[in-house]
Amino acid sequence: MYHGRTTGKGPSNPTPIYQQPPRLLIVHISLPCWADICSNLCEALQNFFSLVCSLMGPSRMSLFSLYMVQNQHECLLPFVQVKGNFARLQACISELRMLQREGCFRPQSTSLQLAVEDGLQQFKQYNRHVTTSAALTYTSLEITILTSQPGKEVVKQLEQGLKDTDLVRVRRLQVVEVTKEALKCSDSASPVEELSNDESVFLGTDIDLQTIDNDVVSMEIFFKAWLHNSGTDREHVHLLLPSQSFSSISRARDNPMCLKCDLQERLLSPSLFPGTADGSLKMDDPKGDFSTLYQMASQSSASHYKLHVIKALKSSGICESVTYGLPFILRPTSCWQLDWDELETNQQHFHALCHCLLKREWLLLAKGEPLSRGHSLREPATTFYVIVPSPSPTLLVKAVATRELMLPSPFPLLPENLPVDSLKIVESVLDGLELEPIYNPLQVWSHLYSHLSSSFAKPQGRLHPSWESRALKKHPCKAGQLQTNRVRATVAPLPMTPALGRAPKMPAASKASSETFQLSMEEEEEEEYPSGL
């Protein structure tokens, strides 16, 4: 069994909902599978980072690094701040596209293990170069291994190879297998096996195993999950239901039934992207006038935000026009500070609530916490929400209008008797439309990715020289040497590289690699953490 030492589950300060850990992506794709995966993976990464680098407000991702493992491990991108570094991320993706797609080789069994250790060592080195306040933010690392090999075999390989490795700085280690059905390189047509309950218990929480399809949309969705708050230090929302309604399942009849939930975004607000059609609409923007549930939960003075259910509604008894803002999702909490019995009971009650609401075709009307907590004797303003059940174990939360927000709507009912000619003409037009049973947003695109990517190419104000150009100024290429944006920073898991002036003799390739890494750390520290801050 895997006995790696992961982050201890001791007390820690609550982190804002937007705070995300540094991430290391290791692409572990063998030939000839790389020919089938390369284009989809690169397009998905390009689309994902065009979104992340364009989002206004707090940064959704902090640090990112990428390794490639084929016949040996290779660092294509050392740890960089994601926001403001789209050019470097794009150069790394371009380099992925140029990697060899044909041929064969015998991969080294230790390459994947060395990539994990190498990335962890670079993460530690990065922390040594940044200021103390920034280093406290980057306390743990999440490692994702995207592989074309059978996931269970990769997990066993990591369990064996990393059993003596100190992983105290690793918050999560995840293996993601690209399913074989869509790969031409597959030697077997058998479907991907799911982990049984016994095997899931065997793996525990140290190494997670997941599968994704080999297509752009599936990979995009996987990477976008990095934008969700995956912290388990505390629950986000307490959903309070009147005790008299649940006296049969609530132990304390005098106290409201409390369901502890985690909060999750359903959509990205268009107002968070520069230059979009909805960029001037700030109602959905956490920085705007309306404080969304997501933002209020992250800024609540208590450890959680409270939603008080005040009544039930028939599902057909609410008009869509009175809901506003972006919807959010509630799910049973996974906070590690709760004991297992409480977590299980909370999940069971949550699932039972979803089931009962669906069966009765009910919605819930809930009252949020005050928008402001002043010392005035006046009653503070509050926001109301409608809670909608779904067949999945989640609840959809949408803000609902109140009396103060309503405008007159003197719309008469449709006339019963309409002209026959008009009916025939309109019915003829409607018959010509293609009818879809459902709306699938994954099949509709607005060309936002290309719009955002192209916006980075346009000069806006004074441009700072890129990391690569600064490196070339200090280390000019020799005559006949090709100048590219390619970055190499493979660092062996050894002590810190000494200063350039006192560097010991080493092979040319290793020396150039170490100098490049050290230079990048010095430059990034000067630019991102100026003295005096």
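The values are calculated or read from the model by the stated rules, or taken from the named source; none is laboratory data. Since this is a predicted model, take the numbers as computed values, not measurements. Don't worry about glycine lacking a Cβ; one is built from the backbone with ideal geometry, like all the others, and counts go over all protein chains shown. Heads up: the accessible areas ignore ligands, DNA and RNA and are worked out on the full protein's heavy atoms, side chains in. Shrake-Rupley method; radii C 1.70, N 1.55, O 1.52, S 1.80 Å.
Structural remarks
- Placed amide H near Thr211: partners under 5 Å, 5+ positions off or other chain: Glu177
- Rounded to whole numbers, the Karplus 3J(HN,Hα) couplings from phi for region 214-227 are 8, 8, 4, 4, 4, 5, 4, 4, 4, 5, 5, 4, 5, 7 Hz, using 6.51 cos²θ - 1.76 cosθ + 1.60 with θ = phi - 60°, and x at Gly and Pro.
- Measuring r between the beta carbons of Glu320 and Ser39 and using R0 = 45 Å, the FRET efficiency lands at 0.70.
- Taking all protein chains as shown and a probe of 1.4 angstrom, Ser315 keeps an accessible surface of around 60 Å².
- Packing rank of 52-62, 318-328, where each peptide gets the mean count of other beta carbons within 10 Å, highest leading: 52-62, 318-328
- Simple label model, 7 Å out from Cα along Cβ direction - Ser455 to Ala381, nm: 2.8 nm
- Segments 340-349, 138-147 sorted - mean Cβ within 10 Å per residue, highest first: 138-147, 340-349
- Note that region 23-33 has calculated 3J(HN,Hα) couplings of 10, 10, 9, 10, 8, 10, 10, 8, 7, x, 4 Hz, one per residue in order, obtained from phi through the Karplus relation 6.51 cos²θ - 1.76 cosθ + 1.60 (θ = phi - 60°); glycine and proline are x.
- FRET efficiency for the pair Trp336 and Leu430, taken as 1/(1 + (r/R0)^6) with r the Cβ-Cβ distance and R0 = 56 Å, rounds to 0.55.
- The modelled label-to-label distance for the pair Arg97/Lys124, using points 7 Å beyond Cα in the direction of Cβ, is 3.7 nm.
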